[in-house]
């Protein structure tokens, strides 16, 4: 029975600790999303001075809608956790209330008995009426213990009352916090409705020229695929160069042999390289953004057009819109293994190796590092390119494990 009770208590404590950890993570995510929204509005106010195409306006609005949806989803999760905490604390308050009543009733009975036997003479007679010395001694000890018991009862009542008051205060704070979250969520939902209405207007405005806009998107998708193919080739060449370098360096005989016979799509790791790769992997979800300020304007994977459901854009990277002249930073320590000029765009891409992981930063107007240079986390790699037509400053981040593309959203701080 004792084992069962201890197991239940352990599970309860673990659940509370888990909920607290989740609550902290959600608070951090909320702060990050709110930061993105502030920076989105700030950048948007700067860009509004420029003439924008309808497609650019739709893209901006789509980014705003996604940020609002992320904030709403995160707030709903926070509200659910608070609801559970309020429920559990109310159960504790009810339990303590019952315990306090029992303690008070017991203490009341004790006081009544003490009142009936309050006479000093009756206490002396109680001792003197003993049959022998031992019995008299035991009666004296009983009276002392009885007085001590009353004192313990009083202290236990005070402690229970203090705990009960503390829980009640905590419950009131949680209820206010929940009310605040619900009010915030309601406000964001209203804003989201307005954003979606605005999006519908913009989409209707381009229905006449739907074919032309669809052709423009498909052209951009074709250009993106061409960039992907070029980057894939650059990565394969970089892997081959890294393995050749490992074979020629002071690596172990086993490493040299592995490097010499390595597959063209896999980096052969040295002991140092494995440590770097393991550290990179261990920091999944905690890596810094490649720019200090900005918001995620394009996510990873399949992105459907808001005005043509048949038109889809598949991204192997994420896009972060930032301010003009912003510095691009390395998301982790590593080595610059290549710098490329992306044909057709006039922009540059920097490739940083982290063991058998590679982070690629492209759409840079200039670079501030050299091939073979060791870089530290958050070290500047170059400056983001600003589109002279749209006025937008967008850095693109890709992460690969050897040649396998990964979702950067899962690796950087959310």
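Read-outs: derived from the displayed coordinates by stated rules, not from any lab. Since the structure is predicted, the reported quantities are computational estimates derived from the model, not experimental observations. Positions of Cβ are generated from backbone atoms using ideal geometry, with glycine treated the same way; all protein chains shown enter the neighbour counts.
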query: Any idea what % of Cα-Cα pairs in region 343-408 are farther than 21 Å?
result: 28 percent
Backbone N within region 283-297 under 13 Å of label point (7 Å from residue 28 Cα along the Cβ vector): 283-289
- request: Within 10 Å, count the other beta carbons around each residue, average over each peptide in 168-174, 28-34, 292-298, 71-77, and list them highest first.
  value: 292-298, 71-77, 28-34, 168-174
query: Can you give me the Cα centroid spacing of region 28-92 and region 154-176 in angstrom?
result: 36 Å
query: Taking the simple approach of a point 7 Å from Cα along Cα-to-Cβ for both residue 46 and residue 177, what is their distance in nm?
result: 3.5 nm
- request: Sort 175, 286 so that the residue with the fewest other Cβ atoms within 10 Å of its own Cβ comes first and the one with the most comes last.
  value: 286, 175
query: If each of residue 158 and residue 265 carries a label point 7 Å out from its Cα toward its Cβ, how far apart are those two points in nm?
result: 7.4 nm
task: For residue 292, put the label point 7 Å out on the Cα→Cβ axis and report which residues of region 316-359 keep their amide N under 15 Å from it.
output: 322-330
- prompt: What residues of region 75-96 lie in the reach of a label at residue 191, counting those whose backbone N is under 16 Å from a point 7 Å from the Cα along Cα→Cβ?
  reply: 75-76
